[in-house]
Amino acid sequence: MSNNSQISCTQDAALRSDIDRSLRHPVMFFFTSGAAWLALSLLLGVIASVKTHSPEFLGEGSWLQYGRTFTAHLNLMIYGWGAQAAFGVVIWLMARLSRKPSKNAGTMLVAGHVWNLAVGIGTLGILSGHGSGKHWMNFPTFVWPVLLLAYAAIAIWVIVTFRVRKSEDVYISQWYVLGAMLWFPWVYLTANLFVNVFDIHPLMAAAINGWFRHALIFLFFTPIAIASSYYIAAKVTGRPISNASYAMGGFWALAIVGPWAGMQMLSGAPIPDFLESVGSAATILVGVPLIIAGVNILKTASGKAETVAHSPALRFSIAGTFGMILLAAAGVIFASPKSLQFTQFSLANYGYDVLALYGFFSMSMFGAIYFIVPRITRREWISGGMIRSHFWTSIYGVLFIFLFCTLLGAFQQGSAQRQYTEAWEFVVQSTLPYTIGMTVAWCFILYANIFFFFHLALMWLRLGRLSSHPTLLTREHGSNPHGKEGNVEDLNEAGA
């Protein structure tokens, strides 16, 4: 019996190694190119932030005007970094959970190059003044069909991998991944058809644009981040998900409520009142599946404080989980009609975007990357200090942005705007300390992610020390200086 178990473990390890080897190039391509776009996005974000309180900064050229740098910064964070980080995590997770090595990694590499080419052209289009002017859809209109085509190749691979899986079981992470991969083309195609192709009333186009922003957050970025955090929490702690029924219920609650959010962004506009009311209610109610997932992940990791402290993957994932709970709370606050009176035309919307894309989604993706990369490169992370620096500067940066941009600055700006007898300069001066604070916060985050990109690139070049097991780069209770990540690779995938 013992010999059979040993043979089974050996075969299982060999299969995992085959999966990791087959996906090394596409996964590392998505992660590294995404990290490069993130660094550029943050650099543009710093420039745009400086211009909010020092408009003359780099004011000589039209390419670096505030309107262009800000929109390029946000779209690069969404499509350059966010989508590619999601692709890398999704294809690895689906292959691991389906227990199927990839036989056509080249298809995904081609799709990745096409995606990056489209993002590059779109960014140049924005900076040269040819952006569409539509929030979260600022690339020139000819770019979106190319992105959708590249996405289709990746999504088909993911669905086929799921279809030929070795087990009949479907893990909760797979549910979330499949949901995200099926919801994205519906959301992206619908929004672009109605906004960029069909001749509809501009007010309804603006309403659909607001819906698109929330749908992309709740139906693409959110499920992928949750899938990753569920998987990592279970694998690193060596426990099954705390409550599988709640996890499944949270998925279906997100699927039911998520598609209705967004149109409260046009509160007070001459569109049907029920669209505003439904949008507000859905944005508030979507907090329920987010909190269910958050509590479930935290309970799975509860009592494992030392593991959280020593595991970069779990530490980032837990931070992302707290970001998700904070996002649920922010949705309740800012979707309320009374709050909208102050926040509708303020910094709050941008702060909400940053909290969703960086404080929640990106932190979860960083956790996944720190977990996945040593497994597919068979190398240790080069510097534990760089990982800790990345974590703490990211935490401080996103908290400062949430504080200055989403809470204090937003309500201060909204209150100042309601002083109708005052000149607009009064509004600008009232938010000046908060915009300066945001610039400092973005500098923290930019510093963290420049080093993250170089660290990741060095790992792709396989410059880390050769290792047969993932490491934490932290001394644990008398163990070797490169403490192992528990015995996570000996665990059954069922926990995820």
Review point. Can you tell me how many residues in the stretch 232-281 are farther than 29 Å from Ala305 by Cβ and among the β-branched types (Val, Ile, Thr)?
Key: 4
Check your understanding: Which residues, counting only those in the stretch 123-144, are free of Cβ contacts under 8 Å to residues at least 40 places away in the same chain and either part of a helix (DSSP H, G or I) or surrounded by 21 or more Cβ atoms within 10 Å (Cβ to Cβ) (or both)?
Key -> Leu124, Gly125, Val143
Study note, to complete from the structure: The helices (runs of 4 or more DSSP H) lying wholly within the stretch 281-350 that contain at least 2 residues that are under 23 Å from Met438 (Cα atoms) are 312-334, 337-343
Review point. If you take just the helices (runs of 4 or more DSSP H) that sit entirely in the stretch 1-111, which of them hold at least 1 residues that are closer than 23 Å to Val164 by Cα, of a type outside the set (Asp, Glu) and under 20 Å from the mean Cα position of the chain (by Cα)?
Key: 2-53, 83-98
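This table checks each residue for (1) among the acidic types (Asp, Glu); (2) touching a Leu at 6+ places or on another chain (Cβ under 8 Å); (3) at pLDDT 80 or above.
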position	(1), (2), (3)
Ser415	no, no, no
Glu422	yes, no, no
Phe426	no, no, no
Leu432	no, no, yes
Leu446	no, yes, yes
Phe453	no, yes, yes
Leu458	no, no, yes
Leu466	no, no, no
Revision key, fill the gap. Quick count over the stretch 423-450, residues being within 13 Å of Val398 (Cβ to Cβ) and of a type in the set (A, V, I, L, M), is 6
Review point. With (1) in a helix (DSSP H, G or I); (2) without any contact (Cβ under 8 Å) to a residue 40 or more places away in the chain as the list, and Val170 as the residue in question, which single condition is left unmet?
Key: (1)
Check your understanding: What is the residue count in the stretch 296-316 for residues that are in contact (Cβ under 8 Å) with a residue 40 or more places away in the chain and closer than 15 Å to Ala247 by Cβ?
Key -> 5
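For every residue, the table says whether it meets (1) closer than 25 Å to Arg213 by Cα; (2) of a type in the set (Gly, Ala, Ser); (3) out of contact with any Gly (no Cβ under 7 Å at 6 or more places or on another chain).
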site	(1), (2), (3)
Gly262	yes, yes, no
Ser277	yes, yes, yes
Val286	yes, no, no
Leu290	yes, no, yes
Exercise for review: Only residues that are in a helix (DSSP H, G or I), surrounded by 21 or more Cβ atoms within 10 Å (Cβ to Cβ) and either modelled with pLDDT of 90 or more or of a type in the set (Asp, Glu) (or both): list them for the stretch 252-275, please.
Suggested key: Leu254, Gly258
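The values are calculated or read from the model by the stated rules, or taken from the named source; none is laboratory data. Remember, predicted model here, so these are calculated numbers, not experimental data. In this analysis, Cβ positions are derived from the backbone assuming ideal geometry, glycine residues included, and neighbour counts consider all displayed protein chains.
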